[in-house]
Amino acid sequence: MPAGAILVTFDDGFRGVREHALPVMEHLGWPFTVFLVSDLIGQEDLWTRDANPDGVTYPLLDADEIRDMQRRGVSFHSHTRSHASLPTLDDSTLAEQLTGSRQALSHLLGHGVPYIAYPFGHVDARVEAATRAAGYRAAFSTQSGFNRREVNRFRIRRIDVYGTDTASMLLRKIRLGSNDGSLGHAVRYYLNQLKRRLPGARA
Ligand SMILES: [Zn+2]
């Protein structure tokens, strides 16, 4: 990818991505990627019930909607079978979450599924090894930062974007590779950069 390139990704595959993001992204002509929970296609985000049993759940994209978006240039990859926290699983269940979703999504999409996003961003050394063994080529974490050439491809960094972010906050997040889009953070960042460049400064 060219220097400074940005990748836009959406985890979970909510129908809201189709309703709200797709028209905007089509208008801009920007491609984007959605990570799907393969056992829950056309259902709801049942995994949120564990953390919030009384909370509402939201509809997830169904197979027809996914195929239509695929035709319109959206790419889809894996977010496991059921959105389990992978480090908590035993080895065989872990392997099943990883390979099962890859197989099911390959069948649905009609092509290989080389990329995955870890549910909740949860990953450890064992999960990383299992992800490699399951045949994925790269995996997305939720750790913030830039992805330089030497980044661990099984811990690709991402920046969180919220509906409450303003355009200038989002721009600061992207420029600084940080989840903190506040003006104060930007000022501290640039001051530190400046200090490093001063003669005799300690890095
Ligand atoms: Zn998720």
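The values are calculated or read from the model by the stated rules, or taken from the named source; none is laboratory data. Bear in mind that the values here come from a model prediction, so they are computed numbers and not experimental data. Reconstructed Cβ throughout: ideal geometry from the backbone, glycine too, with neighbour counts over all protein chains shown. The area values use the complete protein model at the heavy-atom level, side chains included, leaving out ligands, DNA and RNA. Shrake-Rupley method; radii C 1.70, N 1.55, O 1.52, S 1.80 Å.
Observations, loosely collected:
- Stokes-Einstein translational diffusion, the stretch 9-158 - Kirkwood Rh over all Cα pairs, 1.002 mPa s, 20 °C, in µm²/s: 136 µm²/s
- Choice from E19, E44, E65 with maximal GNM fluctuation in the chain (Cα, 10 Å cutoff): E19
- Accessible area of the chain belonging to carbon and sulfur atoms, whole % at 1.4 Å probe: 54 percent
- Pairwise FRET efficiency - D54 versus R148, Cβ, R0 = 30 Å, nearest 0.05: 0.10
- Extension gain (nm, one decimal) between A3 and I174, 0.36 nm per residue minus Cα-Cα: 60.2 nm
- Looking at the stretch 124-176, the accessible area is 63 square angstrom per residue; that uses a 1.4 Å probe and ignores ligands, DNA and RNA.
- Working from Cα pairs under 8 Å separated by at least six residues, relative contact order for the chain is 13 percent.
- Residue range of the chain that is longest and free of trypsin sites (Lys or Arg not before Pro) which are both DSSP loop and sparsely packed (at most 14 other C-beta within 10 Å): 1-71
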